[in-house]
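Everything on this sheet refers to the single structure shown next.
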């Protein structure tokens, strides 16, 4: 992506904007008169109590601590001190009548606070006179004020940091997310300014701040949802963003002009519509990312982030039901949850280590749901059976320990989002059989590639020019680089499990172990095959020096007799066996087939069976190992013998073909032998299976049934060449 603004400009501008927001919020917070008192309100009685008296404040020395104050008196008016006045937020009300009355009450209280001398009346009948400071000292601002500014700043810098990312290819996504973070900063600065008030703010100022808060949060929500419209797949023109903004601005006029008496249509409904629109965008993105591995993983990251944030909010709302935490603490955790959502979305947009997504999500959900179960059980016990909070918490913890932890372990073993879905340990016997298969079947490179396909079922296996010496996850988890080793070239696997998930750290560990296993297996196999070759060479030498010499002597002694042809045939067979044991390594397939054809035709002619022979031209210049050649010749002779003895056939068709690096030869007769299910596998059939398996191939029998009558039997042999 071509950067419109340099990273330095973005960072510098961000720092200036954040400083401006902090200045605005501090200026607002300290511009109100100060009494130097800390208040709390009883949630049941709505009564207000003084909990702290600042030693440096205007109320220092007054015995107000722990006093229940009921009214604030000025020279010309009085205001009752209530929970609503001190702690309510503008959008806690359900009607505009209550909303507007709240600001009038704020104006009345603010007017009294601006007088030179005021009086606080307590429930005990005492009255305390205080001279408020005209400006509040910076040191008196509560922790929640600084926390809101801190979280707002973190969200803001996280959002604009996406614009600095070189990996971001969709410019509009970066702008939408940065604007969402910017509006959130404005929202945080506004809320921090008025929520940290000691008693009251001027009604008009407060009303303006409430409207600014509404539009700041609306802007944040619109641009945040727009991220899902344009990411991971951009569906169309960015003009739709302008349409969204204008539409919601027009809809917001319901609140500005207070069209309805209820606040719900103008405020809550607006936010709900934005949320529903966001869910629609997510569903559409799910369809658009079908077949795109990394983009689908990015979308899952964003969705997991939203779900996690919502679960955190749910937990935060349950906590006050079983504890005595004040609203300030609840608000603190709510803002932390919002920060987590923005961080998660930013990481998803930047595709940060997507291959670890499932593991992180799994750990976070296990953590959250464990705590959620404990708190939910506690709330149910406290509310349903009137059990004390401590007993309810203890019982919940015990129940979770006995039931939830075993269930969690079972879920981890079986549904760990791709981390245990591939049960490698269960496939070890199959993998070892592939690794230890004869070299005549596949080369080391072919075996390794076949093994990778069997284990990971990738969309694509490709040669990789990356010179990294370790197994590496690339392209945000879409590609796994497997380095060169033992003369086998480097491979790149794309799209594990047909693109249903990304490669993860467990895959890296397993492939590293598999490489070691493969190397050791090849060493063992080479040593084994070397020993077999040496033993075969010794046997071939003994046969040549002993048995062949004796057969030559027998031929000379039986020369001219009827036994001479039998002795010569035995010598030819012996020499073929010697060649297969320790002689020639390769034999021409074309020559072998010509020899099989001549021998077969001679034997069938004697039995009045017609032979049809078909041969693929691609078999020309193909070769077999000496052992494969001997096995093929012996199997062919055994099949012809079976046709002559059992088939009662009139014709035999032999087709020779080449398909996918496999030599395929089929023998089909038109005889009426027994059905395959009625066969008794004798030595001949077992020998056929054994020899073809030794050659790395397979054998398959089939029969043709016409009008419920057997019309022939076929034997198909396939051998890798």
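Annotations for the structure displayed:
- Test: residue 20 is in a helix (DSSP H, G or I), outside the structural domain of residue 179 (by TED's automatic domain parsing) and under 45 Å from the mean Cα position of the chain (by Cα): yes
- Residue satisfying all of: in the range 621-653; modelled with pLDDT under 85 and not in a helix (DSSP H, G or I); surrounded by the most Cβ atoms within 10 Å (Cβ to Cβ) among these: 625
- Hits in the range 63-73 (condition: crowded, with 19+ Cβ neighbours inside 10 Å and either in a strand (DSSP E or B) or not assigned by TED's automatic domain parsing to the domain that holds residue 126 (or both)): 69, 72
- Residue count for the range 112-134, restricted to those that are surrounded by 14 or more Cβ atoms within 10 Å (Cβ to Cβ) and either in contact with a strand residue (DSSP E or B) (Cβ under 9 Å, 6 or more places away or on another chain) or assigned to a strand (DSSP E or B) (or both): 11
- Residue count, the range 23-57 (criterion: in contact with a strand residue (DSSP E or B) (Cβ under 7 Å, 6 or more places away or on another chain), within 27 Å of residue 150 (Cβ to Cβ) and not in a loop (DSSP other than H, G, I, E, B)): 8
- Some residue of the range 208-222 being touching a helix residue (DSSP H, G or I) at 6+ places or on another chain (Cβ under 9 Å) and not in a helix (DSSP H, G or I): no
- Top-ranked residue in the range 490-523 [being more than 19 Å from residue 454 (Cβ to Cβ) and touching a residue at least 60 places away in the same chain (Cβ under 8 Å); ranked as farthest from the chain's Cα centre (by Cα)]: 505
- When 185, 179, 250 are screened for being assigned by TED's automatic domain parsing to the domain that holds residue 285, farther than 22 Å from residue 147 by Cα and over 26 Å from the mean Cα position of the chain (by Cα), only 250 passes.
- Among residues of the range 33-47 being more than 51 Å from the chain's Cα centre (by Cα) and at pLDDT 90 or above, the one that is surrounded by the most Cβ atoms within 10 Å (Cβ to Cβ) is 35.
- So residue 60, is it assigned to a loop (DSSP other than H, G, I, E, B) and without any contact (Cβ under 8 Å) to a residue 12 or more places away in the chain: no
- Boolean, residue 59 is surrounded by 19 or more Cβ atoms within 10 Å (Cβ to Cβ) and farther than 24 Å from residue 191 by Cβ: yes
- Residue count, the range 659-675 (criterion: outside any loop (DSSP other than H, G, I, E, B) and either modelled with pLDDT under 80 or within 49 Å of the chain's Cα centre (by Cα) (or both)): 6
- Subset tally (residues that are at negative phi and buried (at least 18 other Cβ atoms within 10 Å of the Cβ)) for the range 462-482: 8
- Identity of the residue in the range 604-620, farther than 20 Å from residue 637 by Cβ and in contact with a strand residue (DSSP E or B) (Cβ under 8 Å, 6 or more places away or on another chain), that ends up surrounded by the most Cβ atoms within 10 Å (Cβ to Cβ): 616
The values are calculated or read from the model by the stated rules, or taken from the named source; none is laboratory data. Quantities reported herein were computed from a predicted structural model and do not represent experimental measurements. So basically every Cβ, Gly included, is an ideal-geometry build from the backbone, and we count neighbours across all protein chains shown.
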